[in-house]
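The structure under discussion appears below in the form of structure tokens.
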Amino acid sequence: MPLTPETLPRHELVGLDCEVVAASSVDAVGISGTVVAETTQTLAIEGADRVWHVPKDTATFAFALPAGERVRVEGDRLVARPARRTENTGDSQWR
């Protein structure tokens, strides 16, 4: 399945450039860098000087796709174990 704005929540997020565009904590807004790890509840975003662990459910993220598009995703759509999130959302020929 190609990585498109519609299928982004089903794909691996590690390696994508990401920015926090809205969050319940004003300190998190503006964090940007590359997603280096993902847990059920957080994204680890590596910036120029450190790694931030941002809670998914209280933030909105903008991801840069390889084709150059920027896609906004509400973090609560991403709350799940990464393996479960990528296999359970939408139609899949592998189920």
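Any read-out appearing in this document is the output of simple, stated calculations on the displayed coordinates, not a laboratory observation. What you are looking at is a predicted structure, and each value in this text was computed from that prediction instead of being measured. As a convention, Cβ positions derive from the backbone with ideal geometry for all residues, glycine included, and neighbour counts pool all protein chains shown.
Hand me the chymotrypsin sites (Phe, Trp or Tyr not before Pro) from the chain located in a DSSP loop with no more than 16 other Cβ atoms within 10 Å, in residue order please. Walk me through the numbers before you get to the answer.
Numbers: sites: Trp52, Phe61, Phe63, Trp94; in loops: Trp94.
Answer in residue order: Trp94.
Could you give me D for segment 8-85, from Stokes-Einstein at 37 °C and 0.692 mPa s, where the hydrodynamic radius is the Kirkwood radius over C-alpha pairs? Units µm² s⁻¹, please. Don't skip to the answer; put the middle values down first.
Details: Rh = 12.1 Å.
Approximately 270 µm²/s, per Stokes-Einstein.
When only Cα pairs under 8 Å and 6 or more residues apart are kept, what is the percent relative contact order across the chain? Present the calculation step by step, with values, prior to reporting the outcome.
Working: 176 pairs, mean separation 25.1, N = 95.
Result for the chain is 26 percent.
How about segment 21-82: which trypsin sites (Lys or Arg not before Pro) there lie in a loop by DSSP and see at most 16 other Cβ atoms within 10 Å?
Details: sites: Arg50, Lys56, Arg70, Arg72, Arg77; in loops: Arg50, Lys56.
Listed in order of number, the matching sites are Arg50.
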